[in-house]
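First up is the structure itself, then whatever we jot down about it.
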Amino acid sequence: MPDLRRLLSVWTARSTELEDPHLTPGLRKDLVERLADQYLRAGQWKELAALADEWSANTTTMTRSAAAIHALTYGLENKQYGGSFRQLIYTWCRDKQLMGNLAYVLLRVCTDVIAPTHPGQAMVRLRHLARRESGATPAMDACAIWWRQAAGSGAACSTASRGIRRPRPTTPGSSCGSATRCR
């Protein structure tokens, strides 16, 4: 029932913000994942991403930011649409106006979801976020932490390290395999 999807999205957003002690963070996550599953089953991955963007723009509560993180995580972990979500997040990190808590949401999905499976891609996205920061620098800090952890493992992408005040890997095999394909 495609006509209900938008109403379910509004209901889910409102439900995640309820101050009910019985509505645990785990239940909120499950609710968002069930909604995300409905979007992806219908092939509506762009609409799910737009919903996460909308939720992250709301700065009144962190529960919507958490819901946005859960929705993007669900999309990133989906076998069929994960690559599309990674590409979209790359574009958002590079070009999108970072309204509300979107920068925080992108930082979290890059470090928590993309980095464990695609470390070079995560570093590129974090680099784009970091170069757009002013004032506080959480993305730059995440890059520095990630770089220290990944530099010894050979997982760091040499292209991602450009523009970050850290030494570039110089040993063979320390890049992601192709300096031009780190997206």
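The values are calculated or read from the model by the stated rules, or taken from the named source; none is laboratory data. The model shown is predicted, which means the values in this text are computed figures rather than measured ones. Positions of Cβ are backbone-derived with ideal geometry, glycine not excepted, and every protein chain shown enters the neighbour counts.
Scanning region 28-74 for residues that are over 21 Å from residue 96 (Cβ atoms) and among the polar types (S, T, N, Q), we see that the one that is surrounded by the fewest Cβ atoms within 10 Å (Cβ to Cβ) is 61.
Out of all the residues in region 14-31, which are among the charged types (D, E, K, R) and either closer than 27 Å to residue 80 by Cα or within 19 Å of the chain's Cα centre (by Cα) (or both)?
Here is the first cut: in region 14-31, the residues among the charged types (D, E, K, R) are 14, 17, 19-20, 28-30.
Within region 14-31, 28, 29, 30 meet the criteria.
When residue 86 is tested against (1) at pLDDT 90 or above; (2) more than 10 Å from the chain's Cα centre (by Cα); (3) among the charged types (D, E, K, R), just one condition goes unmet, and that condition is (2). Taken over region 32-62, the criterion of being of a type in the set (Ser, Thr, Tyr) and farther than 17 Å from residue 82 by Cβ is satisfied by 56, 59, 60, 61.
Mind checking which helices (runs of 4 or more DSSP H) fall wholly inside region 1-110 and carry at least 2 residues that are more than 20 Å from residue 125 (Cβ to Cβ)? Give the derivation first.
Numbers: elements: 5-16, 25-41, 45-57, 62-76, 82-95, 102-109.
The helices (runs of 4 or more DSSP H) meeting that bar are 5-16, 25-41, 45-57, 62-76.
Taking region 7-47 as the range and being closer than 21 Å to residue 60 by Cβ and aromatic (Phe, Trp, Tyr) as the test, only 11 passes. Per the conditions (1) closer than 18 Å to residue 133 by Cβ; (2) aliphatic (A, V, I, L, M); (3) within 11 Å of the chain's Cα centre (by Cα), the sole criterion not satisfied by residue 99 is (3). Figure legend. Inter-residue proximity from region 90-115: first residues β-branched (Val, Ile, Thr), second residues in a loop (DSSP other than H, G, I, E, B), beta-carbon distance below 9 Å, spacing 6+ or different chains. Indicated pairs: 113/77.
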